[in-house]
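K.L.:
Got a structure for you, written out below as structure tokens; questions coming shortly.
FYI, it's all coordinate maths here, none of it is from the lab. Nothing here was measured: the structure is a model prediction, and the numbers come from that model. Every residue, glycine among them, receives a Cβ derived from its backbone with ideal geometry; neighbour counts consider all protein chains shown.
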Amino acid sequence: MWRITPGQRLRFRQFDDEFVLYNDLSGDTHLLGDSAMHILSELQRVPADGAALTASLAAALECPHDPAIADEAAALLATLAGYFLIAEDPC
């Protein structure tokens, strides 16, 4: 299960199809696209596993749920975790 990092508040501004997001825990600023913000928005509502996030992303992009979407979702999760915006619960 993925979740927003505890204590993290998502502060962002949108410019067209890009988002500037401030990580208030690390002090870093990140430039993110629609897909990454979709995943963060979903996780802000409720923790979810990779399959649920992939299905949600496919629906948001109006694309079939295929391996390319699953690969994109997995890459986004890894990137967001690398930015310390999200964390994976071991349980």
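K.L.:
Please give the length that would be gained between S26 and A74 if that part of the chain were fully extended, namely 0.36 nm times their separation in residues minus their C-alpha to C-alpha distance (nm, one decimal).
P.N.:
15.0 nm
K.L.:
Which residue fluctuates the most in the chain, going by a Gaussian network model with Cα springs under 10 Å, if the choices are L21, L53, L40?
P.N.:
The residue with the greatest mean-square fluctuation here is L21.
K.L.:
Here's something else I'd like to know. Any chance you could check the Cα centroid distance between segment 4-48 and segment 69-91 for me, in angstrom?
P.N.:
Segment 4-48 and segment 69-91 have Cα centres spaced 12 Å from each other.
K.L.:
OK, next. Between F84 and E18, what is 0.36 nm times their sequence separation minus the Cα-Cα distance? Round to one decimal in nm.
P.N.:
Separation in residues times 0.36 nm, less the Cα-Cα distance, equals 21.8 nm.
K.L.:
If you fit an axis through the alpha-carbon atoms of helix 67-82 and take the longest principal axis of the Cα set of the chain, what angle between them do you get, 0 to 90°, nearest 10?
P.N.:
20
K.L.:
Can you tell me which of A73, A81, A51 moves the most in a GNM of the chain? Springs connect C-alpha atoms under 10 Å apart.
P.N.:
With Cα springs under 10 Å in the chain, the top fluctuation among A73, A81, A51 is at A51.
K.L.:
Given Cβ point charges of +1 (Lys, Arg) and -1 (Asp, Glu) and nothing else, what value in debye, to the nearest 20, does the dipole of the chain about its Cα centre take?
P.N.:
Charge dipole of the chain: 440 debye, to the nearest 20.
K.L.:
Same structure, new question: Give me a comma-separated list of calculated 3J(HN,Hα) values for segment 22-35, in order, Karplus coefficients 6.51, -1.76, 1.60 applied at θ = phi - 60°, integers in Hz, x for any Gly or Pro.
P.N.:
Couplings: 9, 8, 6, 7, 9, x, 7, 10, 10, 9, 10, x, 4, 5 Hz.
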